[in-house]
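The values are calculated or read from the model by the stated rules, or taken from the named source; none is laboratory data. Only a predicted model underlies this, so the values are computations on that prediction, with no experimental measurement involved. For neighbour counting, all protein chains shown are included, and Cβ atoms are generated from backbone atoms with ideal geometry for every residue, glycine included. To get the accessible areas, we keep the full protein, side chains included, count just its heavy atoms, and leave off ligands, DNA and RNA. Shrake-Rupley method; radii C 1.70, N 1.55, O 1.52, S 1.80 Å.
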Amino acid sequence: MWRRAYLFLVLVRLYFALSPSYLHPDENFQGPEVIAAFAFGGGTRLVSPEDYRKAYQTHLASSSSDDHLLIFYALVGQIFSYPVKLTWEFTSADPVRSVFPLWPVYGLPMLLLKWLWIGNGNDGDIPPIAVFWTLRILMFALSFVLEDWALHELVQSPRHRRVAVMLVASSYVTWTYQTHTFSNSIETLAVAWSLVLIQRIVEDKQRSSVFACAILSFVVVFGIFNRITFPAFLLIPGLRLIPHFIKK
């Protein structure tokens, strides 16, 4: 019975993932739109964030009015086929956000979509709605696979595991935020799998778990670059590693 209920909740999650709506502009401005400029730029040239900052600072220094933003974005519009407006987090002299975590999450699927589009003999730009559906399906898949898999790893008791899976599958947060392109959604997955890796390392009494430690290191670095709040969620669970490594 609970499997049928779980399947129904997964379909509800998919419905919300494919709904043509958004919760907050940040789900576009702080992720897909930034990478779309790099992935779908004219020709095959990929432009780095440093190029954006240099162009912005050049026009900022050469303009005495408040129109420097309009000039900058007009320049971006001439370079790229998509109309792009980068937020201050990426254009300031000392950016507070990095494109590093955006590339594996959004950049690689977008580039794959672009290659498939060109490979099928299509001319012109990829319709934005195709990018929209691709990323929504991606976020649904990440939520369905990685989030639920992490729960199966973290909750040992089969009875408690079923309860945990059903609670998460029926959560409003899972239906909406986890199926949208928020940095918070990626942070949730990074925290969950950091906990899984910590548990694997601590429970492995026979070996030093070098591979799990290496993966955990990458996930931690990825999580920090994704959102600065990530270490706060991992601080207390990470204390379990101290006595483990002391004994090793």
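Largest first, what is the accessible-area ranking of Trp2, Trp193, Trp115 with a 1.4 Å probe?
Highest to lowest solvent-accessible surface, that is Trp115, Trp2, Trp193.
Tell me, what is the 1.4 Å probe accessible area of Thr174, in Å² to the nearest 10?
Number for this one is 10 Å².
Average the reciprocal distances over every distinct pair of alpha-carbons in region 82-210, invert the result, and give the Kirkwood radius in Å.
Every distinct Cα pair counted, the radius reaches 17.5 Å.
Protein chains only, probe 1.4 Å: how do Arg4, Arg13, Arg200, Arg159 rank by accessible area, largest first?
Arg4, Arg159, Arg200, Arg13
Using the basic label-point model (7 angstrom from Cα toward the beta carbon), what is the Ile236 to Leu167 distance in nanometres?
1.5 nm
Please compute the modelled spin-label separation between Tyr15 and Ile228, points set 7 Å along Cα→Cβ, answer in nm with one decimal.
Spacing of the two 7 Å Cα→Cβ label points: 4.0 nm.
Which sequence of Tyr177, Tyr106 reflects their accessible areas, 1.4 Å probe, from the largest down?
Ranking Tyr177, Tyr106 by accessible area, largest first, yields Tyr177, Tyr106.
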